[in-house]
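Novice: Take a look at the following structure, please.
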Amino acid sequence: MHFTLHNSLSGHKEPFQPLQPGKIGLYVCGMTVYDYCHLGHARVMVAFDVIVRYLRSIGYQVSYIRNITDLDDKIFARAAENGEPFTALTDRFITAMHEDEAALGVLPVDSEPRATHHIDQIIALINRLIERGYGYLASNGDVYYRVRRFADYGRLSKRNLEELQVGARIEVGEAKEDPLDFALWKAAKPGEASWDSPWGAGRPGWHIECSAMSICALGETFDMHGGGPDLKFPHHENEIAQSEGATGKPFARYWLHVGPVRVNDEKMSKSLGNFFTIRQLLQQHQPEVIRYLLLASHYRSPINYSEESLRGARQALERFYTALRGQSVAAVLTMADNDYAERFHAAMRDDFNTPEALAVLHELTRALNRAQDDSMAAGLAAQLRQLGGLLGLLQQPPEQFLQGSPRDGLDDSEISALVEARNQARRERNWPLADQLRAQLEQAGILLDDGRDGTQWRRA
């Protein structure tokens, strides 16, 4: 069960040592639910889904917690814009999020706490911070955190207070002691949702929500904390300051951060017109193709999304599924005298190196294509499916993936009719007609494979 991971807190790769033997507590910062999930969210979903799948496969009992931020300025603004209760807005986008992750083959998390369900715990945590001198009530009714009081501030993001001080300022309406301080509790604004507290009506700050929810779910010290690349500072830095300031104990022991998503080598943003939601992509591409693309780069590395990279992902999966075509789904693994599994696991135990693990699967596929014996082929096919399953890949019947689903053009019955017409032309040795029908199918994006078992087709 030994493995290494890159700890963002230390800045280097470390052997993992759980707090409790055989158990792992993992908290991942989830989505702020005011809109549909985008490709960056998909990367976080898939990366931690694979990490959890793998840790469980090697025997760990994982408690996977991913929160929902359902209190936020953007949520209130969008709800006001729509003229609807903020709860109706968040419920709608939570449902959409679950639909998107299910489409991508992401397994449900163990617990999905919401900020609105933890107001009492958040208030209690803020009280502890005030009692210990880290929190203070300002003249405007907000409660702030004293950043300079926490000696280790900047340890995660590798920033110092002098660097942070440059450009820091107190905005109009704020009553901070120091420009670096951040809000733990915000006094109520007219027309905005609020909750009662010892400091008057208001709502939590963003950072304190995750501190409270993670401590409630996993305890004051737990194994792993993860999230997207943009959360390291200030969100995760502030989580550490709040949690350790309140408890006096170490917070998360290992920090994992997923790399950013770029689109055609540019930062993904709405202003550049290169912003894609998951459901937009699913209208054009099979879910497994998107999942493969997200796993083809190491989870910590930047990933570049492009039509070319998607074509590459599609072609890679076609090679896998073409090799699996005709192999028994129920085949029992009989090949024990190869090192594919050992090398696959070595890659995954080394900071969850999915690109290297996929490279092993491609080698295994080439061996499957060369197999001279049916029993050997069945064993290799079973091995390919089993290892692919640890990544959430290769679990469809081959024909289902290769034939895909009609988006535009011919449906399955029309394709089958043309294939049969071509087969009839070939039986009658009408080669010009057979070639004409093949060209018609290719023009419609349908590729044919003629083999000893007949003609099979797949969508390009």
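The values are calculated or read from the model by the stated rules, or taken from the named source; none is laboratory data. Just so it is clear, the structure is predicted and the values come from calculations on it, not from any experiment. Backbone-built Cβ (ideal geometry, glycine too); neighbour counts: all protein chains shown.
Novice: Out of curiosity, is Leu218 out of contact with any helix residue (DSSP H, G or I) (no Cβ under 7 Å at 6 or more places or on another chain) and buried (at least 21 other Cβ atoms within 10 Å of the Cβ)? Spell out how you get there, then give the answer.
Specialist: Working: out of contact with any helix residue (DSSP H, G or I) (no Cβ under 7 Å at 6 or more places or on another chain): yes; buried (at least 21 other Cβ atoms within 10 Å of the Cβ): yes.
Answer is yes for this residue.
Novice: At least 2 residues that are farther than 25 Å from Ala42 by Cα and in the same structural domain as Val33 (by TED's automatic domain parsing) in each: list the strands (runs of 3 or more DSSP E) lying fully within the range 166-281 that qualify.
Specialist: Working: elements: 182-187, 202-204, 222-227, 252-257, 261-263.
Strands (runs of 3 or more DSSP E) meeting the threshold: 182-187, 202-204.
Novice: Here is a further query. Cβ-Cβ under 6 Å, sequence separation 6+ or interchain: first residue in the range 186-199 and under 15 Å from Ser139 (Cα atoms), partner among the acidic types (Asp, Glu) and crowded, with 16+ Cβ neighbours inside 10 Å. Which pairs?
Specialist: Close Cβ pairs satisfying both conditions: Lys186/Asp142; Ala187/Asp142.
Novice: Taking Leu26 as meeting all but one of (1) within 17 Å of the chain's Cα centre (by Cα); (2) without any contact (Cβ under 8 Å) to a residue 24 or more places away in the chain, write down the number of the exception.
Specialist: That leaves (2) as the condition not met.
Novice: I'd like the full set of residues that are surrounded by 16 or more Cβ atoms within 10 Å (Cβ to Cβ) and either assigned to a loop (DSSP other than H, G, I, E, B) or modelled with pLDDT of 95 or more (or both), limited to the range 156-165. Let's see the steps before the verdict.
Specialist: Residues of the range 156-165 that are surrounded by 16 or more Cβ atoms within 10 Å (Cβ to Cβ), as a first pass: 156-157, 164.
Selection gives Leu156, Ser157.
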